């Protein structure tokens, strides 16, 4: 049985069907790309999976547990992590303190009861920063980091919960081409080492074709195609959608 099972997911806003009868599976240790032109329904799909929106119909099961109806906090507690298009970090704190805050939350601790955040889980936080190549910047102020480093910090924060499933919404948005490939290479290594299941949205087709194991293509809320990246790249209907928007595969963007 697949680790994540999505069946017949649907959501409409007024007369607009943002997600229409979408079904797919995701296994442990798999990196699955969710791609499509702007307005295809990718972000809506993510919000349905994470409990930010309730679907009109459908089922989302994580290792047999139905997630529909659960709040995001409960879904997070069941091992689902998420990163966002725009990084969400504490600029007034150091890099390591940002990760410590995530570890404090995961442990259900209160800073009031235990004192300063800098006194808690520092060794584990440093280990996570080392994993993403940020250990040498642990004591820097977060608000002076380059954008690519912020993205790596956000990944360390998401991993603090030791998630079973990661939902990464445009993880390379705003990054230079070389940084994009490096971040996804890092993510792919973590997936392989930890067996985490990852669903990610991405506009850069170079990133998708270099690192995804499989790809799903949404168009106007409907699942247009799915398969290996080679199968998706060769799919005539997918080519028409992308070429119709002035974008060719392998040039980035979509």
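The values are calculated or read from the model by the stated rules, or taken from the named source; none is laboratory data. Predicted model, so just to flag it, every value in this text is computed and none were measured. Methodologically, a virtual Cβ is constructed for each residue, glycine included, from the backbone with ideal geometry; neighbour enumeration extends over all protein chains shown.
Among residues of the stretch 185-204 that are closer than 8 Å to residue 30 by Cα, those with a beta-carbon under 6 Å from a residue that is in a helix (DSSP H, G or I) at least six positions away or on a different chain give the pairs 198/191. Scanning the stretch 232-249 finds no residues that are within 15 Å of the chain's Cα centre (by Cα) and modelled with pLDDT of 85 or more. Of the helices (runs of 4 or more DSSP H) entirely within the stretch 75-157, those holding at least 1 residues that are outside the structural domain of residue 169 (by TED's automatic domain parsing) and either modelled with pLDDT of 90 or more or touching a strand residue (DSSP E or B) at 6+ places or on another chain (Cβ under 6 Å) (or both) occupy 95-106, 122-131. In the stretch 31-46 there is at least one residue matching the filter, namely being in the same structural domain as residue 229 (by TED's automatic domain parsing), surrounded by 14 or more Cβ atoms within 10 Å (Cβ to Cβ) and farther than 15 Å from residue 218 by Cα. All conditions but one from (1) within 16 Å of residue 10 (Cβ to Cβ); (2) touching a strand residue (DSSP E or B) at 6+ places or on another chain (Cβ under 7 Å) apply to residue 69; the one that does not is (2).
Scanning the stretch 160-182 finds one or more residues that are crowded, with 22+ Cβ neighbours inside 10 Å, at pLDDT below 90 and closer than 24 Å to residue 6 by Cα.
Flag not set for residue 173, criterion: farther than 15 Å from residue 26 by Cβ, part of a helix (DSSP H, G or I) and not assigned by TED's automatic domain parsing to the domain that holds residue 129. Regarding residue 7, is this residue closer than 20 Å to residue 226 by Cα and surrounded by fewer than 17 Cβ atoms within 10 Å (Cβ to Cβ)? Judged against the criteria, residue 7 is a match.
Out of (1) under 14 Å from the mean Cα position of the chain (by Cα); (2) free of Cβ contacts under 8 Å to residues at least 60 places away in the same chain, the odd one out for residue 61 is which? Just one mismatch for residue 61, condition (1). Of the numbered conditions (1) in contact with a helix residue (DSSP H, G or I) (Cβ under 6 Å, 6 or more places away or on another chain); (2) closer than 24 Å to residue 126 by Cβ; (3) part of a loop (DSSP other than H, G, I, E, B), residue 55 fails exactly one; give the number of that condition. The one condition residue 55 does not meet is (2). With respect to the conditions (1) surrounded by fewer than 21 Cβ atoms within 10 Å (Cβ to Cβ); (2) under 23 Å from residue 23 (Cβ atoms), residue 60 lacks only one, and its number is (1).
When the stretch 207-225 is examined, which residues are found to be surrounded by fewer than 18 Cβ atoms within 10 Å (Cβ to Cβ) and more than 14 Å from residue 27 (Cα to Cα)? Within the stretch 207-225, 209, 210, 220, 222 qualify.
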